[in-house]
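What follows draws every value from the coordinates through simple rules; no lab data is involved. This structure is a prediction, so every number in the text was calculated from the model and none was measured. Positions of Cβ are backbone-derived with ideal geometry, glycine not excepted, and every protein chain shown enters the neighbour counts.
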Amino acid sequence: MPKAGELLPAGTVGTHITVGYKPRMYGKKHTATLVIETQSMQWTYVINGLPPQTVPPTGAAKVVCTSSYIGSFTVRQRNFIRENLKLITTGASSPIKGAPLVLRKKQK
């Protein structure tokens, strides 16, 4: 595409000018200024450029699973109350670390 050229003289059909736009970043509106300058006149145009409208794909999504072990195991529900009843000492996050949970009285 030429950056400079000659216009047809006044009183004729005129010169057809095509402005191309190639966005580098989608989603942003770009503006540019086109200046056409002759010896006797100057035309200034503000060009608003928008990226082309994207069309989402029309086909259904295809999911390919190559691993066979994913569906082979079952999820076991944890019973936290039963697990906590089996504990015999406090955990590391307790302020009294390692203390027995059940205080047993000494028998005489």
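Miscellaneous remarks
- Charge tally around Arg76: other residues with Cβ under 15 Å, Lys/Arg +1 each, Asp/Glu -1 each, net +1.
- Cut-off under 5 Å, modelled amide H: who pairs with Thr90 long-range: Gly98, Ala99, Leu101
- 26 Å Cα-Cα reach of Lys105 towards lysines, excluding residues that sit fewer than 8 places from it in its own chain: Lys86, Lys97
- Under a 5 Å amide H cut-off, with hydrogens placed 1.01 Å from N, Gly49 pairs with His30, Thr31, Ala32 among residues at least 5 apart or on other chains.
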